[in-house]
């Protein structure tokens with residue numbers, strides 16, 4: 001039988017410090033470092049055959065002997081009585097510690113979560129960048145157009161970015177290239193930028209800041225009180241830009257804007 005070059009004391013310390021809690025060992029045995037092996041240490045000398053029998057009560061183990069007298073391995077007669085260590089298969093738990101069920105009650109998640117969805121009344125178009133609703137009306141001058149927008153809960157449209165200008169232009173387009181012979185006369189689209197004092201102090205009728213001018217070349221022309229958006233191609237070269245016009249002139253269209261309707265949904 002071969003001898004292992006470690007002391008019995010160190011052998012016991014080794015298995016003490018690497019003991020884990022994932023598997024369980026039979027009573028009177030020590031768990032090994034691989035968590036699947038248990039060792040039974042005998043303090044009564046026996047020969048190999050008796051030790052082998054003792055190590056296999058259920059035919060699932062092996063037996064080795066150890067010595068603390070030297071640091072070399074050696075072979076001896078198997079009938080020589082020696083201390084011995086049994087290697088026994090550990091009983092693996094059904095689950096890891098981190099996933100084992102506990103006795104703590106499961107508390108259901110009762111958190112109420114909500115989401116807000118915005119939309120518009122029928123006939124109005126929602127625009128997600130501004131979170132507003134827009135609608136195209138036809139056939140009034142700028143003062144009357146603003147009054148109609150107010151009656152509908154809003155104002156003439158204000159524009160504060162290239163994206164907004166493009167959105168309103170496409171919303172109000174007639175799909176026609178205008179020239180001097182167009183059947184609508186004033187074919188531009190009224191927006192909410194006004195200068196009623198005729199001194200160049202333009203402001204938006206909804207009270208928002210005047211922070212994005214998009215005038216066509218030569219504009220604004222004074223003394224005009226109202227502002228229009230050239231939503232369609234024309235011969236003037238001001239497509240999707242702004243030009244002024246007199247307050248009393250009726251235009252093909254105007255665009256109103258108002259707040260969207262918020263719907264709060266809960267799960």
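The values are calculated or read from the model by the stated rules, or taken from the named source; none is laboratory data. Note that the coordinates shown come from a computational prediction; the quantities given were computed from them, not determined experimentally. Because the Cβ atoms are built from the backbone with ideal geometry, glycine has one as well, and the counts that use them run over all protein chains shown.
Here are the numbers:
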{"quantity": "Hits in the range 106-138 (condition: surrounded by 13 or more Cβ atoms within 10 Å (Cβ to Cβ) and either farther than 17 Å from residue 259 by Cβ or without any contact (Cβ under 8 Å) to a residue 24 or more places away in the chain (or both))", "calculated": "136, 137, 138"}
{"quantity": "The range 216-243: number of residues that are in contact (Cβ under 8 Å) with a residue 40 or more places away in the chain and over 43 Å from the mean Cα position of the chain (by Cα)", "calculated": "5"}
{"quantity": "Subset of the range 139-165 [assigned to a loop (DSSP other than H, G, I, E, B) and surrounded by fewer than 21 Cβ atoms within 10 Å (Cβ to Cβ)]", "calculated": "141, 152, 153, 160, 161"}
{"quantity": "Residue tally, condition at pLDDT 70 or above and part of a loop (DSSP other than H, G, I, E, B), over the range 21-68", "calculated": "6"}
{"quantity": "Scan of the range 139-165 for residues that are under 10 Å from residue 256 (Cβ atoms) and either in contact with a helix residue (DSSP H, G or I) (Cβ under 6 Å, 6 or more places away or on another chain) or free of Cβ contacts under 8 Å to residues at least 40 places away in the same chain (or both), ordered by number", "calculated": "150, 151, 155, 156, 157"}
{"quantity": "Residues being farther than 14 Å from residue 255 by Cβ and touching a strand residue (DSSP E or B) at 6+ places or on another chain (Cβ under 6 Å) - total across the range 112-125", "calculated": "7"}
